[in-house]
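The structure under discussion appears below in the form of structure tokens.
The values are calculated or read from the model by the stated rules, or taken from the named source; none is laboratory data. On a predicted model such as this, the values are computed, not experimentally measured, just so you know. Cβ placement follows ideal geometry from the backbone for every residue including glycine, while neighbour counts extend to all protein chains displayed.
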Amino acid sequence: MEARMPTHPHHSIPSDLPPANCFTVLVIDDMLPNRVLLRKFLKTAGYAVIEATNGIEALELLRNQQLLPDLIITDVEMPVMDGITMVEQIRYLDSGIASVPVVVASGNPDEEMKKRSLEVGSDVFLTKPFDFKVLRKEIATLLRARRKVSRANFSVVPPLSPNRVDSEIPTKTGS
């Protein structure tokens, strides 16, 4: 039996859905110029972008949206709810949201802010203005690590014993 394409015309697909091969990044910053700059950078690199202006708005998007972002980039100092408190709240949410990698950034960083953001569960702390080469590398590293973790969760092959000896590792024999 031949599989058929759905009869829905392509224009019935909601425009906010990114292509299937596209990673989605949630950008949270109260400053419009910062969001615009990050949106342009991310879209040029091939990412779909969702935006929020503060932590409360971002948490509402995460709770109510059917799309789960692959990565979150957030400012620290924002009105209503700051980025560090938001990351802490995200890590307590049920479902896959709690495991989304988070990049925290600030234009006025200090060691205590960096330490606190990492303690509550952010994956990376960066200083603004962004060094876009560093940001690109951090994003790629976080997305690659998350992909490996998700693949590992669906693996049907049991992991090798940590106490194995080299003789237990199968080798190719013959030529």
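What to note about this one:
- For segment 123-136, the criterion of being of a type in the set (Val, Ile, Thr), part of a strand (DSSP E or B) and out of contact with any Cys (no Cβ under 7 Å at 6 or more places or on another chain) is satisfied by at least one residue.
- Tally of residues being more than 13 Å from the chain's Cα centre (by Cα) and not charged (D, E, K, R) across segment 90-108: 7
- Among residues of segment 77-91 that are without any contact (Cβ under 8 Å) to a residue 24 or more places away in the chain and at positive phi, none has a beta-carbon under 6 Å from a residue that is of a type in the set (S, T, N, Q) and part of a helix (DSSP H, G or I) at least six positions away or on a different chain.
- All of (1) crowded, with 16+ Cβ neighbours inside 10 Å; (2) over 15 Å from VAL100 (Cα atoms) hold for ASN64 with one exception: (1).
- Which listed residue, of VAL104, VAL80, is touching a helix residue (DSSP H, G or I) at 6+ places or on another chain (Cβ under 9 Å), of a type in the set (Val, Ile, Thr) and modelled with pLDDT of 95 or more: VAL104
- Any hit, segment 50-68, residues being free of Cβ contacts under 8 Å to residues at least 24 places away in the same chain, under 24 Å from LEU32 (Cβ atoms) and either of a type in the set (Gly, Ala, Ser) or in a loop (DSSP other than H, G, I, E, B) (or both): yes
- Scan segment 92-111 for residues that are assigned to a helix (DSSP H, G or I) and either at negative phi or among the aliphatic types (A, V, I, L, M) (or both) and the total you get is 5.
- The set of residues in segment 109-137 that are of a type in the set (Asp, Glu), under 18 Å from the mean Cα position of the chain (by Cα) and modelled with pLDDT under 95 is empty.
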